[in-house]
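Please read the structure below before turning to the comments.
The values are calculated or read from the model by the stated rules, or taken from the named source; none is laboratory data. Note that the structure is a prediction, hence the values are computed from the model and not measured. Glycine also receives a Cβ, built like all others from the backbone with ideal geometry; neighbour counts cover every protein chain displayed.
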Protein chains: 2
Amino acid sequence: MDRGKLIVQIKSKKTFLCIGLDSDLSKIPSHLLNLDDPIFEFNKAIIDATKDLCIAYKINTAFYESNGIDGWLSMQKTLDYIPNDIFTIADAKRGDIGNTSKMYAKAFFENLNFDSITVNPYMGSDSVKPFLSFDDKWVILLALTSNIGSSDFQHLKFDNYSLYKHVLDTSSKWGSENNLMYVVGATNPQYLEEIRKIIPNHFLLVPGIGAQGGSLKDVVEKGMIKDCGLIVNSSRSIIYAGSGLDFAVKSREAALDVQMQMATYISKL
Amino acid sequence: MDRGKLIVQIKSKKTFLCIGLDSDLSKIPSHLLNLDDPIFEFNKAIIDATKDLCIAYKINTAFYESNGIDGWLSMQKTLDYIPNDIFTIADAKRGDIGNTSKMYAKAFFENLNFDSITVNPYMGSDSVKPFLSFDDKWVILLALTSNIGSSDFQHLKFDNYSLYKHVLDTSSKWGSENNLMYVVGATNPQYLEEIRKIIPNHFLLVPGIGAQGGSLKDVVEKGMIKDCGLIVNSSRSIIYAGSGLDFAVKSREAALDVQMQMATYISKL
């Protein structure tokens, strides 16, 4: 999916919500557990209930890999089930030496046909660039993450400039605003203003709204641009909003609540 | 596998060679391609031909994920085929927020029963610690990698101390020399002396010998300790030493050449 189509989707659906399908056998409603592929059935119901309220689904590969081959199959079926006009994110946080990153790119862009993949910047240019050579596919590079450990290294200052800013500055030259986005956690909205000075036009994938405690209002105030420029992810607070037979209804209610807030921001663009 | 068993294996087999099974359908001998699972058949032949010459096999997950479910199956069969007394490394370079890293740990330590996994430090403590809570399992944390891009961020200096040194210093407190190793590329042996000042006793996984150009002699001189403390990986220069019907023989010859050099170093310990 190219940038233009993403923006059209955001403006027409009045939402910039991404729903994270962190689907876990130990957390999904128990009545699904007797089905052939409980994770896929759960995802299918969530997708059916929310697809008009979000512009992206994010599949965190850890939750699928933990179920081995069955999990990989659930991931593939889920990806095939997501409507083509919705942006898909492999939240895989990959990255390796050049020839190996090429193999990951093949895995996620060709075999699985995701629109984008999250990539870890630690290994530098040749670990990221192989993902940037596919038409209408995106790298979403980790910059400032939403977890506690983000303070261990991402805020270290080199020449009075934090590591995550070096990552933004250096990596923005490897791609463009048409194939490169960044992960910036919603738990750190105070940094968004400074981030926008370095990358004024790139889309940001913002996790941390909901279960992790980030505020949508803060993120919008500091990070939104004329093309929206934000994809805000919520996983657990939407997909686990209910745990009974009506789990999909509850998840729609939770997603609708976020989408309605987002609509007011989109209408001001 | 615990540290004691690893050291016994190194001293009795007189080798600290790890063979990287970066097995790629486009590179393995063509006569294997008609078999049911060419990648597994290739790995099986390489393992049979080299298992007395190495102390570890490293499976880079990218090469398996790029073949989807078939690849995941090849990986599982390969891992099951590796003799139990040989150390196994999932070269997966994972790392995510705490609850997600737990899922990766489950995937690689429980479902797949690897002895160790490579982890990326960028997201900090809570992305690494979940991997450290399994008995006799290891984290191999990226410190200074062997690729060109390692210069982009790993050498940035904070308080006159490079990022990779901060990674070593900070993360060494998260685990111990009994569950934590580090990736240090052989293409950077000049840094090994300084690295040994920070982590005098930890094992290092050293990629970059062979196809990537690193020198075994330099690595041993700067990095070896009384317990050896080194696992030196070679992938392409061993597994692709031959391309004909005798590929396994050629790969044994290449591995034997490295092992014989290693034996002279081990005999001096």
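Pull up the stretch A:111-122, narrow it to residues that are within 7 Å of another protein chain (Cβ to nearest Cβ) and touching a helix residue (DSSP H, G or I) at 6+ places or on another chain (Cβ under 7 Å), then point me to the one that is farthest from B:Ser150 (Cα to Cα).
Looking at residues that are within 7 Å of another protein chain (Cβ to nearest Cβ) and touching a helix residue (DSSP H, G or I) at 6+ places or on another chain (Cβ under 7 Å), I get A:Asn111.
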For this session: Determine if the stretch B:247-263 includes at least one residue that is within 11 Å of chain A (Cβ to nearest Cβ), touching a residue at least 24 places away in the same chain (Cβ under 8 Å), surrounded by 15 or more Cβ atoms within 10 Å (Cβ to Cβ) and closer than 23 Å to B:Asn43 by Cβ.
Result: no
For this session: Would you mind finding the one in B:Asn84, B:Asn113 that is surrounded by fewer than 24 Cβ atoms within 10 Å (Cβ to Cβ) and on the phi < 0 side of the Ramachandran plot?
Result: B:Asn84
Problem set entry | Close pairs (7 angstrom Cβ cut-off, 6 or more residues apart or separate chains): at the interface with chain B (Cβ under 7 Å from one of its Cβ atoms) and closer than 16 Å to A:Lys197 by Cβ in the stretch A:151-169, of a type outside the set (D, E, K, R) and outside any strand (DSSP E or B) anywhere | A:His166/B:Phe153; A:His166/B:Leu156; A:Val167/A:Pro121; A:Val167/B:Phe153
Exercise. In this structure, does B:Asp135 turn out to be out of contact with any Phe, Trp or Tyr (no Cβ under 6 Å at 6 or more places or on another chain) and crowded, with 22+ Cβ neighbours inside 10 Å?
Worked result: no
Exercise. Looking only at the stretch A:51-72, which residues are away from chain B (no Cβ under 14 Å) and either crowded, with 24+ Cβ neighbours inside 10 Å or free of Cβ contacts under 8 Å to residues at least 12 places away in the same chain (or both)?
Worked result: A:Cys54, A:Ile55, A:Ala56, A:Tyr57
For this session: Can you confirm whether the stretch B:200-218 contains a residue that is under 30 Å from A:Tyr161 (Cα atoms) and in contact with a strand residue (DSSP E or B) (Cβ under 8 Å, 6 or more places away or on another chain)?
Result: no
For this session: With the condition kept exactly as written, say whether any residue in the stretch B:24-34 is at pLDDT 95 or above and surrounded by 24 or more Cβ atoms within 10 Å (Cβ to Cβ).
Result: no
Exercise. Does B:Gln190 satisfy being assigned to a helix (DSSP H, G or I) and touching a residue at least 40 places away in the same chain (Cβ under 8 Å)?
Worked result: no
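Using the structure shown, decide if A:Ile28 is among the β-branched types (Val, Ile, Thr), part of a loop (DSSP other than H, G, I, E, B) and under 28 Å from B:Asn113 (Cβ atoms).
Here the answer is yes, as A:Ile28 does meet what is asked.
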Seminar exercise, completed: Going through the stretch A:230-246 in order, the residues found to be surrounded by fewer than 17 Cβ atoms within 10 Å (Cβ to Cβ) and either of a type in the set (Phe, Trp, Tyr) or more than 16 Å from the chain's Cα centre (by Cα) (or both) are A:Gly242, A:Ser243, A:Gly244, A:Leu245, A:Asp246
For this session: Just one of (1) under 20 Å from the mean Cα position of the chain (by Cα); (2) facing chain A (nearest Cβ under 9 Å) trips up B:Lys77, so point out which.
Result: (2)
For this session: Can you confirm whether the stretch B:43-57 contains a residue that is among the aromatic types (Phe, Trp, Tyr), at pLDDT 95 or above and outside any helix (DSSP H, G or I)?
Result: yes
Seminar exercise, completed: Output for Cβ contacts, cut-off 8 Å, separation at least six or different chains, first residue surrounded by fewer than 16 Cβ atoms within 10 Å (Cβ to Cβ) in the stretch B:214-229, second hydrophobic (A, V, I, L, M, F, W, C), reads B:Ser215/B:Ala186; B:Ser215/B:Ile209; B:Lys226/B:Leu269
For this session: Kindly provide the set of residues from the stretch A:93-110 that are within 7 Å of chain B (Cβ to nearest Cβ), closer than 13 Å to A:Ser133 by Cα and hydrophobic (A, V, I, L, M, F, W, C), ordered by number.
Result: A:Met103
Problem set entry | Pairs with Cβ under 6 Å, 6+ apart, first in the stretch A:110-132 and within 20 Å of A:Met75 (Cα to Cα), second of a type in the set (Gly, Ala, Ser) and surrounded by fewer than 22 Cβ atoms within 10 Å (Cβ to Cβ) | A:Asn111/B:Gly68
Exercise. For A:Met181, all conditions in the list (1) crowded, with 22+ Cβ neighbours inside 10 Å; (2) more than 9 Å from every other protein chain (Cβ to nearest Cβ); (3) over 16 Å from the mean Cα position of the chain (by Cα) hold save one; what is the number of the exception?
Worked result: (3)
Seminar exercise, completed: Of the residues in the stretch B:212-262, those that are more than 13 Å from B:Cys18 (Cα to Cα), outside any helix (DSSP H, G or I) and in contact with a Gly (Cβ under 6 Å, 6 or more places away or on another chain) come to B:Gly214
Seminar exercise, completed: Taking the stretch B:145-164 and keeping only residues that are aliphatic (A, V, I, L, M) and under 11 Å from B:Pro121 (Cβ atoms), one is left with B:Leu163
Exercise. Looking at the stretch A:139-161, which of its residues are polar (S, T, N, Q) and either on the phi > 0 side of the Ramachandran plot or buried (at least 19 other Cβ atoms within 10 Å of the Cβ) (or both)?
Worked result: A:Thr145, A:Ser146, A:Asn147, A:Ser150, A:Gln154, A:Asn160
Seminar exercise, completed: The lone condition A:Gly175 fails out of (1) closer than 25 Å to B:Gly98 by Cβ; (2) in contact (Cβ under 8 Å) with a residue 40 or more places away in the chain; (3) small (Gly, Ala, Ser) is (1)
Exercise. Looking at the stretch A:59-77, is at least one residue more than 24 Å from B:Leu73 (Cα to Cα) and not in a helix (DSSP H, G or I)?
Worked result: no
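Which of the residues spanning the stretch A:11-23 are in contact with a Lys or Arg (Cβ under 9 Å, 6 or more places away or on another chain) and part of a loop (DSSP other than H, G, I, E, B)?
Residues satisfying the conditions are A:Leu21, A:Asp22.
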